[in-house]
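Data first, discussion second: the structure below is written as structure tokens.
Only the coordinates and a few stated rules stand behind these numbers; no lab work does. Because the structure is a prediction, the values reported are computed rather than measured. Heads up, the Cβs are rebuilt from the backbone with ideal geometry, glycines too, and the neighbour counts pull from every protein chain shown.
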């Protein structure tokens, strides 16, 4: 779940709450960021770093959104490309969904999973 609010000082505050299961444990975590995708990424990493401290070395290096079937306007399907690095190499992951946050979540989750696999871990 993501929320975007205007604070009393007129700044924009974005928060995300993420619920997932990892290593058989249900985890609920929150994060904030400069937009809903950044807030989701921060929340996901906050929850996972407790179980996988190896995630600390992973860095999102690029984030691209492409609208597919632009004639559908705001109802169009989006494709999100995330590029990630662990300092030794880079990889790309993709998410596709009509909801840009869901597409971003897919790409981010795959990026973190692949990063752990590169380190020899079994997420």
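Just a few scattered comments:
- Highest-first packing order for the peptide set 59-67, 112-120 is 112-120, 59-67, based on the mean count of other beta carbon atoms within 10 Å.
- In the chain, the DSSP-assigned H stretches of four residues or longer account for a calculated mean residue ellipticity at 222 nm of -9000 deg cm²/dmol, using -39500 (n - 2.57) per stretch and the full residue count as denominator.
- P(r) tail fraction, the range 1-51 - alpha-carbon pairs more than 12 Å apart, %: 59
- Residue with peak Gaussian network fluctuation, the chain [Cα springs, cutoff 10 Å], from 69, 83, 98: 69
- Whole-Å distance, taken between Cα centres, linking the range 1-59 and the range 65-101: 19
- Rounded, prolate or oblate (a/c below 1.5 giving rounded, otherwise prolate when a/b exceeds b/c) for the chain by Cα gyration tensor: oblate
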